[in-house]
């Protein structure tokens, strides 16, 4: 009751009275004078003790929740149809890759790795990783994880690159986007899930799809913007002087020259998708993450370890393939 | 359009950098200088009342030290920079009145540009770099590649078509820059310190290449440089720029013999006059070779004449027309030649 005197002095004692008056505190029962040593910070809860008209912190969070629930139907009407294709894409990819027999898909993936990286070593790493995953029966989980990463990365690039290009063209848009990207990148991954759980049905794939995309899109946007802004000013002046249109400049000069940076962004986007797809198992994302979750929930140490190792293998595969592809671009575009 | 007609005319051109150039422009007309203008208004006076006529088939050299506004001036011609006020005419058409589409066409067809730092596209081969202008025009790739090969061979890069710019030396890269400008087939070539980044020997050979090309092509070339030797070697018309205004312009020989300002005098102090001055600039006109011991060509430098006569200090020579060796246009005494080598003593009192 450290702050009673303020309200008494302000003559607001009546205004503070509510039906359920403040309970008597221990110190007032003992009739002790409060020591300055124990002076509490005038937080919501403390002020509520002094004046019941103040909300408690609990009421404040409840009000936030009510507010969100109030706008939820409106948000859902807008976002639900917009994001529905994401659900279809994820479902489609999961069905397609899981249903495909391993003896088609695995050689296909090794071939893709070889074509992208142009390196037998990298193709060998991919082959060995898949053989191990097949051998320990975690192949299907791994393919689920990869399917989700594949869909999310494609969408991140499809939206992230145009966003980055728009940012590179307008300083104002860049200044507006940077705080948003900073926020997306610094928010703890769990925090993404909270509003999404309220917005969408927990069984819908787009729930985790959105969480992954929001988290992983940041690097590709940033590095596209940076890459285009880093294109030599002299070169841009030269192509302007030869009368190229903005579109010609973009497709024939800026994007090719920014490609090493854009690919570095794609590499980071892939790795961040992988990080998020594991956490997204909390909201029913299938894949190796569910095994890790099982390991935590049921204290199955071995399952958790093995699934964790599988995730490391996937991380190594994705990183090596995308880095090797990046290195090839770097080499051919070297100035 | 005939050679010698005015191709590009720059009139009353002003460029002021700063917050509100138009508001402070009135203060320029009083003939204020750059630093005073900066103090008074906080704006940079980059170009101060520029008037130049650039003639068809000639090399107009704009010379000045860094900060004189020469690069700013050349970028006004194809509107890479917009002026604060003034007019620019190309073949009598107002360049500043052009809309975006017309301007783009001008850049694609009428003016090509060569840059100090080459500004080649690093991700493209030499050949793909060279066809930039026809590509921008949307022309047939096969045809423009043939055209590009022709010009690459002309600048001495045969067999390099499939190399990347990073594999070439600086001099070769600038040859690509030159071939790129030539492939555009524009009448006007803007060259912004095109040879400044090259080694002295390479620079000389590039200057010779440019002069050789110019003998056949008769382009209208606007050449920017800070190097007086280069300017004197290339210029048909020399414009000397200082702090954004034109100190003197005219025939380079004329500027050398009759500098109009102390600034120019200082500038030409270190020039090897024997190597730059030509006989025809100091001769007295006449039509007969009576009383002359020998005939020299009008375009010969004084050094060449002195060398040819082994340093003898007497003699009178007839001067022949550079284009027609049998036609006599004047005579010159050895004494005049030696007198022309004496530097002006910076004794005159100029207005500025």
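Taken together, the values in this text are just the output of simple stated rules run on the coordinates, not laboratory data. In this text, all values refer to a predicted model and were calculated from it rather than measured experimentally. With ideal geometry, Cβ positions are generated from the backbone for all residues, glycine too; neighbour counts draw on all protein chains shown.
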(request) Taking the convex hull of the Cα atoms, report for region B:151-267 its projected area averaged over all directions, in nm². (result) 8.2
(request) From the C-alpha gyration tensor of region A:272-335, pull out the three semi-axes of the equivalent ellipsoid (sqrt of 5λ each), sorted largest to smallest, in whole Å. (result) 33, 12, 6
(request) Between residue A:330 and residue B:141, take the C-beta separation as r, use R0 = 35 Å, and let me know the FRET efficiency to the nearest 0.05. (result) 0.80
(request) Can you tell me the 0 to 90 degree angle between the C-alpha axis of helix A:205-229 and the longest principal axis of chain A, rounded to 10? (result) 70
(request) In nm, give the distance between the simple-model label positions of residue B:266 and residue A:56, each being 7 Å from the Cα along the Cα-to-Cβ direction. (result) 8.4
(message) With just the Cα atoms defining each centre, how far is region B:203-253 from region B:16-81? Give it in Å.
(response) 19
(request) Quickly rank B:141-150, B:7-16, B:208-217, B:307-316 as a protection proxy: mean count of other C-beta atoms within 10 Å, highest first. (result) B:7-16, B:141-150, B:208-217, B:307-316
(message) On alpha carbon coordinates alone, what is the Rg over Rh value for region A:66-110, Rh being the Kirkwood radius?
(response) 1.36
(request) Grab the Cα-Cα distance for residue B:208 and residue B:251, subtract it from 0.36 nm times how many residues apart they are, and report the gain in nm with one decimal. (result) 13.5 nm
(request) Any chance you could get the radius of gyration and Dmax over the Cα atoms of chain A, in Å? (result) 27.6, 89
(message) With the cut-off at 1.5 for a/c, could you classify region A:115-239 from its C-alpha gyration tensor as rounded, prolate or oblate?
(response) oblate
(message) What distance in nm separates the two pseudo spin-label positions at residue A:299 and residue A:166, each 7 Å out from Cα along the beta-carbon direction?
(response) 5.1
(message) Between residue B:326 and residue B:286, how high is the FRET efficiency from 1/(1 + (r/R0)^6) when r is the Cβ-Cβ distance and R₀ = 22 Å? Nearest 0.05.
(response) 0.90
(message) Between residue A:247 and residue B:166, what is the label-point separation in nm under the 7 Å Cα-to-beta-carbon projection?
(response) 3.1
(request) Treat the count of other C-beta atoms within 10 Å as a stand-in for reagent exposure and order B:238, A:257, B:96 from fewest to most. (result) B:96, A:257, B:238
(message) Rg/Rh for region A:222-335 to two decimals, with Rh computed the Kirkwood way over all alpha-carbon pairs.
(response) 1.23
(message) P(r) for chain B, please, calculated from all Cα pair distances in 10 Å bins and given in %.
(response) 5, 21, 28, 25, 15, 6, 0
(request) Stick to the Cα atoms of the protein assembly as shown, pair each with every other, and give me the Kirkwood hydrodynamic radius in Å at one decimal. (result) 32.4
(request) Return, for the Cα atoms of region B:274-341, the radius of gyration and Dmax in Å, separated by a comma. (result) 10.5, 28
(message) Give me the extension gain from residue B:297 to residue B:19: residue separation times 0.36 nm, minus the current Cα-Cα distance, reported in nm with one decimal.
(response) 94.5 nm
(message) Using Cα springs under 10 Å in a Gaussian network model of chain A, which residue among A:200, A:305, A:150 shows the largest mean-square fluctuation?
(response) A:305
(request) Using only the alpha carbons, work out the radius of gyration and Dmax of region B:136-180 in angstrom. (result) 10.8, 30
(request) Mind telling me which of A:186, A:57, A:145 comes out most flexible in a GNM of chain A, alpha-carbon contacts under 10 Å? (result) A:57
